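The values are calculated or read from the model by the stated rules, or taken from the named source; none is laboratory data. The structure displayed is predicted, hence computed values, not measured ones. All Cβ positions, glycine included, derive from the backbone under ideal geometry; neighbour counts span all protein chains shown.
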Amino acid sequence: MNFKFPYFNLVCSIYLLMGCSNNQEAEIKSVIEGFYSGYDGDFRTADTVMISNKLKDLVSKAVEKEIFEAKKMKESDYPTDKPMMIEGDVFTSLYEGQDSVSIEKISMEGQVAHVKVMFQNTAYKHSWSDQIILIKENNKWRIDNVIYEGQSKDIPDLQSNLKSLIDYKSDN
């Protein structure tokens, strides 16, 4: 058998990388499907194990801000008014949320993955796609953001949505 050693290494490396890529995609699919299968549409109760530390911090601060705004409203001259809060599903671009998710495309650049997903809400007979951004943290893929593509929104993504509540300054 006559083969050149450098070419053999190159071919083996390509097969190895292809195998790693498939493992990465399988892990990404598992994170997305696992998160959304257990997610009930309320960001306050989202499974934080599958989200990035930055997103986990934003969720925590948004919950704290809602509690603060509710307390402030209750102590104000208008205690029956509705306090500032986030309503609807923020992990998708449809207010009513989703009841199924399917992954359309995964693209990876180093420690960042962009995943186009198709969501469906069967009760409202609505389907749409959003883009989920995952990052590699502590050698595990975590959801870091959701780019809203399915519905026209004033806010373009999940992190901006949470930040708008956190940064809200009331007149009271």
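Which residue is modelled with the lowest pLDDT, if the candidates are limited to region 19-48 and must be of a type in the set (A, V, I, L, M, F, W, C) and farther than 13 Å from LYS136 by Cα? For region 19-48, the residue satisfying everything is CYS20.
The residue pairs whose first member lies in region 101-117 and is surrounded by 10 or more Cβ atoms within 10 Å (Cβ to Cβ) and at pLDDT 95 or above, whose second member is in a strand (DSSP E or B) and among the hydroxyl-bearing types (Ser, Thr, Tyr), and whose beta carbons are closer than 9 Å, counting only pairs six or more residues apart or on different chains, are GLU104/SER129; ALA113/SER107; HIS114/SER107; VAL115/SER107; LYS116/SER107; LYS116/SER129; VAL117/SER102; VAL117/SER129.
Filtered by the rule that a residue be more than 22 Å from MET85 (Cβ to Cβ) and under 12 Å from the mean Cα position of the chain (by Cα), region 144-163 gives ASP144, ILE147. For beta carbons closer than 9 Å, sequence separation of 6+ or different chains, a first residue in region 48-70 that is touching a residue at least 40 places away in the same chain (Cβ under 8 Å) and a second that is part of a helix (DSSP H, G or I) and among the polar types (S, T, N, Q), the qualifying pairs are LYS54/GLN159; LEU55/THR48; LEU55/GLN159; LEU58/GLN159; VAL59/THR48; ALA62/ASN161.
Any residue at all in region 84-97 that's aromatic (Phe, Trp, Tyr), assigned to a loop (DSSP other than H, G, I, E, B) and within 17 Å of PHE35 (Cα to Cα)? Yes, region 84-97 has at least one match.
Residues in region 86-100 that are crowded, with 16+ Cβ neighbours inside 10 Å and either of a type outside the set (D, E, K, R) or over 22 Å from ILE67 (Cβ atoms) (or both): ILE86, VAL90, PHE91, THR92, SER93, LEU94, GLY97, GLN98. Against the test of being surrounded by fewer than 15 Cβ atoms within 10 Å (Cβ to Cβ) and part of a helix (DSSP H, G or I), the options ASP57, ASP77, ASP81 yield a single qualifying residue, ASP57.
Report, by residue number, each residue of region 146-172 that is of a type in the set (Ser, Thr, Tyr) and modelled with pLDDT of 85 or more. TYR148, SER160, SER164, TYR168, listed by residue number. Among the residues here, ILE135 qualifies as surrounded by fewer than 20 Cβ atoms within 10 Å (Cβ to Cβ), among the aliphatic types (A, V, I, L, M), modelled with pLDDT of 95 or more and over 25 Å from MET84 (Cβ atoms).
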